[in-house]
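Contents: one structure, followed by commentary.
The values are calculated or read from the model by the stated rules, or taken from the named source; none is laboratory data. Owing to the predicted nature of the structure, the values given are computational and were not obtained by experimental measurement. In this analysis, Cβ positions are derived from the backbone assuming ideal geometry, glycine residues included, and neighbour counts consider all displayed protein chains. With ligands, DNA and RNA removed, areas are computed over all heavy atoms of the protein, side chains included. Shrake-Rupley method; radii C 1.70, N 1.55, O 1.52, S 1.80 Å.
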Amino acid sequence: MADALFQKIDAALKTPEGKAASKKVNEVIMYEFPDSGKSFVMDLKQAKAYKGTVEDPACSFKMDEPVFLQLASGKADPMGLFMEGKIELDGDTDVAMKVGKVLKAVKM
């Protein structure tokens, strides 16, 4: 599920709009999905997304894949999911708050 979405995010980040949105954040974000055991990186310094991990991301999100799919599609409120404990965040909250703007800019 998340594999296909991160491929789309990677392609979108390579567009002029994606590169412009990436530059506004210019950080590395990691997503961990305990339900599937997968991890992905959104490297906004390089305007790319890929399967894997990084040593020291600016922030890291941990959630189940269906929760991420709801977020990426705009069908769920990130703050509500965070308050419900469905999303865990480690790292810079300012960077985390900007991620939604990047996803909207690349029309995810």
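Below are the figures for this structure:
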{"quantity": "Close pairs from the range 21-32: first closer than 16 Å to residue 50 by Cα, partner open to solvent by less than 60 Å² (accessible area, probe 1.4 Å) and assigned to a strand (DSSP E or B), Cβ under 6 Å, at least 6 apart", "calculated": "28/43; 29/42; 29/59; 30/41; 30/60; 31/40; 31/61; 32/39"}
{"quantity": "Pairs with Cβ under 9 Å, 6+ apart, first in the range 80-91 and touching a residue at least 24 places away in the same chain (Cβ under 8 Å) and β-branched (Val, Ile, Thr), second part of a loop (DSSP other than H, G, I, E, B) and open to solvent by less than 60 Å² (accessible area, probe 1.4 Å)", "calculated": "87/63"}
{"quantity": "Filter result for residue 55 (without any contact (Cβ under 8 Å) to a residue 12 or more places away in the chain and either out of contact with any strand residue (DSSP E or B) (no Cβ under 8 Å at 6 or more places or on another chain) or of a type in the set (A, V, I, L, M, F, W, C) (or both))", "calculated": "yes"}
{"quantity": "Odd one out for residue 27, checked against (1) charged (D, E, K, R); (2) surrounded by 14 or more Cβ atoms within 10 Å (Cβ to Cβ); (3) more than 18 Å from residue 104 (Cβ to Cβ); (4) out of contact with any strand residue (DSSP E or B) (no Cβ under 6 Å at 6 or more places or on another chain)", "calculated": "(3)"}
{"quantity": "Failed item, numbered, when residue 77 is tested on (1) in contact with a Lys or Arg (Cβ under 8 Å, 6 or more places away or on another chain); (2) surrounded by fewer than 17 Cβ atoms within 10 Å (Cβ to Cβ); (3) within 16 Å of residue 98 (Cα to Cα)", "calculated": "(1)"}
{"quantity": "Number of positions in the range 63-107 that are farther than 17 Å from residue 30 by Cβ and outside any helix (DSSP H, G or I)", "calculated": "9"}
{"quantity": "Residue within the range 5-18 that is modelled with pLDDT of 95 or more and either assigned to a strand (DSSP E or B) or among the hydroxyl-bearing types (Ser, Thr, Tyr) (or both) present", "calculated": "no"}
{"quantity": "Residue list for the range 37-46, restricted to those being among the small types (Gly, Ala, Ser) and either open to solvent by less than 50 Å² (accessible area, probe 1.4 Å) or assigned to a helix (DSSP H, G or I) (or both)", "calculated": "39"}
{"quantity": "Subset of the range 66-88 [in contact with a strand residue (DSSP E or B) (Cβ under 8 Å, 6 or more places away or on another chain) and modelled with pLDDT under 95]", "calculated": "68, 82"}
